[in-house]
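Scroll down for the structure; my scribbles are underneath it.
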Amino acid sequence: MRDARRAFPVVFLGLLALVPVVAHLTGEPYYLTVFSRIMVFGLAALGLNLILGFGGLVSFGHALYLGIGAYAVGILSAHGVTSGFAHLGAALAVGAVAALLIGLVCLRTSGMAFIMITLAFAQMFYFLAVGLRQYGGDDGLSIPARSAFGPLALQDATVLYYVIFALLAATLYVLHRVVHARFGMVLQGCRENERRMIALGFPTLRYKLAAYVASALICVLAGVLLANLTQYASPAYMQWVVSGDLIVMILFGGMGTLLGPVVGAAAIIAIEDVLTAFRLGLPWGIDQVVNAHWMAILGALIIVVVLTLKQGLYGWLVHRAARAG
Amino acid sequence: MTPLVVAGLQKRFGGLAATDGLDLTVAGGELHAVIGPNGAGKTTLINQLSGEIRPDAGRIEFQGVDITHAPAHRRSLIGISRSYQITSVLRGFTALQNVAMAVQAHAGHSFGFWSPAARDRALTGPAAAALEQVGLAHRAQARADELAHGEQRQLELAMALATRPRLLLLDEPMAGMSQREAENIVALLAALKGRYSILLVEHDMDAVFALADRITVLVYGRAIACGTTDEIRASPQVREAYLGDEEAEA
Ligand SMILES: Nc1ncnc2c1ncn2[C@@H]1O[C@H](COP(=O)(O)OP(=O)(O)O)[C@@H](O)[C@H]1O
Ligand SMILES: [Mg+2]
């Protein structure tokens with residue numbers, strides 16, 4: 001079990017690192033875009049899972065923070081500010097203040113109320129973004145050039161890919177330390193039995209709030225990367241569906257581990273991609289049916305995985321590998 | 001200074017007075033038992049002392065400081081520790097991790113983001129010692145939800161002890177234990193006696209009369225009697241209201 005748990009992240013990240021090479025050799029730059037997208041959403045899911053999987057706090061509004069990251073890039077770019085440091089700094093600053101205030105309100109509730117109130121905040125920001133006429137309103141705004149980080153030429157899709165990759169790998173490592181450190185143990189203790197944690201002497205709110213803000217900032221970072229990837233900032237990034245997608249990725253991959261949500265993001269996005277572009281030339285128009293109803297098929301898959309694999313896809317993989325080896 | 005002074009404590013749930021003008025003290029090193037029939041308000045009393053529910057009126061003093069309105073986590077930090085009648089542990093954690101959390105709660109702030117807590121001797125050392133103390137050392141690596149009922153009760157006690165409290169509030173620590181497990185706990189409490197101030201709620205009368213320095217008899221939220229074990233045994237009021245049936249049966 002130990003060995004499989006150690007080996008999988010290395011194998012998984014190793015495969016991700018090879019994607020640009022494969023894309024290059026096969027002359028399919030499209031893979032680069034898909035896997036960049038997978039890593040961006042994997043990063044966001046990883047961030048959300050810090051409070052969801054480890055803290056037991058089901059936030060149904062984390063798309064809001066993706067949106068803050070994306071709009072920081074979009075709005076600053078629209079005003080001619082191209083510095084990536086300015087983009088990132090503004091995104092994190094706004095994200096931190098928003099998360100602190102929203103967290104303070106939301107964390108006074110728990111269970112279903114927490115789910116609903118996080119959703120409500122995200123919807124508020126969604127409609128705020130829709131109302132930003134000068135920044136494209138409903139349509140959002142396109143971003144003429146990617147963030148300028150000194151000599152880092154993000155305009156090059158391969159460079160952008162490796163920047164996203166490096167940030168994902170670094171976040172995985174940092175969170176690995178955090179969840180096993182004193183702070184992470186308090187967070188997990190609150191998930192297990194918050195009442196008992198308080199009786200033991202922990203002022204739990206401040207720890208949950210810190211985790212909520214950290215989790216939000218990882219999503220803000222993912223939002224900055226998403227805007228760079230698509231060169232677009234849209235209210236659609238903040239839709240409740242996106243918050244739901246992140247939760248689905250976590251459940252699909254498995255919330256007990258750090259890598260699970262990233263594997264979940266990869267699986268969901270890859271399956272979505274395969275189903276919408278399904279062209280096997282099967283008889284009776286099966287291809288068209290699959291293309292048109294891919295959501296239903298994906299939904300069925302998710303139900304099967306969530307119901308049959310308690311630890312999600314990743315947990316299941318690790319478990320199997322441990323038994324085989 | 002008297003560790004615990006409770007004066008005029010009141011708590012109503014709707015029309016029901018769960019605590020009804022209760023006065024009570026626990027002296028330094030004293031083991032003070034609270035007995036009474038089911039629904040007498042024993043757990044409600046402990047919940048008010050530990051800060052989990054607010055009294056409607058009255059005053060709670062701990063070592064001369066008014067803590068009537070202090071939040072629950074702060075009461076733990078100043079030395080009031082409790083166990084639960086219905087086992088309340090971190091079910092997905094190992095026994096050792098459970099106790100280590102109790103140690104960590106009292107080891108400064110927990111904004112440590114880098115060193116693994118599992119390899120922190122400052123946490124695991126005292127945690128292992130507390131498990132040893134309650135006789136659960138051999139189960140340190142077992143998950144709390146895989147422990148037998150009696151073992152979970154022992155874990156409760158280890159967590160309460162690991163915070164190095166000055167006042168222990170124990171809510172029926174022997175509830176649901178086998179005869180032998182209960183005997184072990186009685187022996188443990190006897191060993192702890194004198195080193196801590198202890199408020200013990202317990203149904204097992206043999207244990208109570210063997211351990212207690214003083215006993216308060218609670219009925220409908222009221223202390224109908226308070227005194228030494230001999231005084232309580234001899235009290236006609238208590239015999240009538242509470243002990244009477246049991247003595248008659250015996
Ligand atoms: N949260 C609550 N809400 C309403 N009634 C309660 C609550 N907690 C306890 N009670 C009632 O208060 C009385 C005292 O309960 P409790 O303190 O648990 O008694 P004991 O521990 O002595 O058996 C009981 O009648 C119980 O039903
Ligand atoms: Mg009770």
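Conditions tested, residue by residue: (1) open to solvent by 60 Å² or more (accessible area, probe 1.4 Å); (2) touching a helix residue (DSSP H, G or I) at 6+ places or on another chain (Cβ under 7 Å); (3) more than 14 Å from chain B (Cβ to nearest Cβ).
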site	(1), (2), (3)
A:L88	no, yes, yes
A:Q123	no, yes, yes
A:G136	no, no, yes
A:L160	no, yes, yes
A:V174	yes, no, no
- prompt: Taking into account only those residues within the range B:46-57 that are within 11 Å of chain A (Cβ to nearest Cβ) and not small (G, A, S), which is most open to solvent (accessible area, probe 1.4 Å)?
  reply: B:E52
message: Checking the structure you have, find out if any residue of the range B:107-125 is within 14 Å of chain A (Cβ to nearest Cβ) and touching a Ser or Thr at 6+ places or on another chain (Cβ under 8 Å).
response: yes
message: Please go through the range B:182-222 and give me each residue that is open to solvent by 50 Å² or more (accessible area, probe 1.4 Å) and assigned to a helix (DSSP H, G or I), ordered by number.
response: B:E183, B:N184, B:A187, B:A190, B:A191, B:D206, B:A210
task: From the list A:V159, A:V186, pick out the single residue that is more than 27 Å from B:A160 (Cβ to Cβ) and in a helix (DSSP H, G or I).
output: A:V159
message: With the structure loaded, tell me whether B:A102 is closer than 26 Å to B:H149 by Cα and more than 16 Å from ligand 1 (Cβ to nearest atom) or whether it fails that test.
response: yes
query: Out of B:A7, B:A72, which single residue is more than 16 Å from ligand 2 (Cβ to nearest atom), without any contact (Cβ under 8 Å) to a residue 40 or more places away in the chain, assigned by TED's automatic domain parsing to the domain that holds B:I215 and touching an Asp or Glu at 6+ places or on another chain (Cβ under 9 Å)?
result: B:A72
- line: By residue number, the members of the range B:10-36 that are open to solvent by 30 Å² or more (accessible area, probe 1.4 Å), touching a residue at least 12 places away in the same chain (Cβ under 8 Å), within 14 Å of ligand 1 (Cβ to nearest atom) and among the small types (G, A, S) are none
- request: Could you figure out which of (1) away from ligand 2 (no atom under 16 Å from the Cβ); (2) touching a Pro at 6+ places or on another chain (Cβ under 8 Å) isn't true of B:T25?
  value: (2)
message: Just to confirm my filter: which helices (runs of 4 or more DSSP H) fall fully inside the range A:191-297 and include at least 1 residues that are within 14 Å of chain B (Cβ to nearest Cβ) and touching a Phe, Trp or Tyr at 6+ places or on another chain (Cβ under 8 Å)?
response: A:204-230
message: If the requirement is being away from ligand 2 (no atom under 16 Å from the Cβ), modelled with pLDDT under 95 and within 14 Å of another protein chain (Cβ to nearest Cβ), which of these qualifies: B:R143, B:R180, B:R164?
response: B:R164
statement: Of the candidates B:L49, B:L22, the one satisfying the condition of being more than 27 Å from B:G150 (Cα to Cα) and either in a strand (DSSP E or B) or under 20 Å from the mean Cα position of the chain (by Cα) (or both) is B:L22
statement: Going through the range B:79-97 in order, the residues found to be within 16 Å of ligand 1 (Cβ to nearest atom), surrounded by fewer than 19 Cβ atoms within 10 Å (Cβ to Cβ) and small (G, A, S) are B:S88
- prompt: Just for the range B:126-140: of the residues that are within 14 Å of chain A (Cβ to nearest Cβ) and of a type in the set (G, A, S), which one is farthest from A:R182 (Cα to Cα)?
  reply: B:A130
task: Please state which of the following conditions B:T43 fails to meet, knowing it meets all the rest: (1) within 20 Å of A:R196 (Cα to Cα); (2) touching a strand residue (DSSP E or B) at 6+ places or on another chain (Cβ under 8 Å); (3) open to solvent by less than 20 Å² (accessible area, probe 1.4 Å).
output: (3)
query: Can B:I35 be described as within 16 Å of ligand 2 (Cβ to nearest atom) and either modelled with pLDDT under 95 or closer than 21 Å to B:L167 by Cβ (or both)?
result: yes
- request: Look through the range B:166-181, keep the residues that are more than 16 Å from ligand 1 (Cβ to nearest atom) and more than 15 Å from the chain's Cα centre (by Cα), and return whichever of them is least open to solvent (accessible area, probe 1.4 Å).
  value: B:M177
task: Search the range B:181-194 for residues that are assigned by TED's automatic domain parsing to the domain that holds B:H32 and pair each with any residue that is open to solvent by less than 60 Å² (accessible area, probe 1.4 Å) and assigned to a helix (DSSP H, G or I) when their beta-carbon atoms are under 6 Å apart and the residues are at least 6 apart or on different chains.
output: B:E181/B:G150; B:V186/B:A207; B:L189/B:L211
query: Can you name every residue in the range A:143-158 that is of a type in the set (S, T, N, Q) and buried (at least 16 other Cβ atoms within 10 Å of the Cβ)?
result: A:S147, A:T158
statement: Taking the range B:27-55 and keeping only residues that are among the hydrophobic types (A, V, I, L, M, F, W, C) and closer than 19 Å to B:L77 by Cα, one is left with B:I46, B:L49, B:I53
task: Taking B:E151 as the residue in question, decide whether it is touching a residue at least 60 places away in the same chain (Cβ under 8 Å) and either more than 11 Å from chain A (Cβ to nearest Cβ) or open to solvent by less than 10 Å² (accessible area, probe 1.4 Å) (or both).
output: no
- request: Take the range B:58-80 and flag every residue that is within 14 Å of chain A (Cβ to nearest Cβ) and among the basic types (K, R).
  value: B:R74, B:R75
query: Mind checking which pairs have a first residue in the range B:37-54 that is farther than 9 Å from B:A72 by Cα and more than 6 Å from ligand 1 (Cβ to nearest atom) and a second that is modelled with pLDDT under 95 and not acidic (D, E), Cβ under 7 Å, 6 or more apart or different chains?
result: B:P37/B:V219; B:P37/B:Y242
task: Determine, yes or no, whether A:V213 is within 25 Å of A:Y65 (Cα to Cα) and buried (at least 16 other Cβ atoms within 10 Å of the Cβ).
output: yes
- prompt: Within the range A:61-83, is there a residue that is small (G, A, S), outside any helix (DSSP H, G or I) and more than 27 Å from A:A270 (Cβ to Cβ)?
  reply: yes
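The values are calculated or read from the model by the stated rules, or taken from the named source; none is laboratory data. Please read these numbers as outputs of a predicted model, since none were measured by experiment. Every residue, glycine among them, receives a Cβ derived from its backbone with ideal geometry; neighbour counts consider all protein chains shown. The protein model used for the area step is the full one, side chains on, heavy atoms only, and it has no ligands, DNA or RNA in it. Shrake-Rupley method; radii C 1.70, N 1.55, O 1.52, S 1.80 Å.
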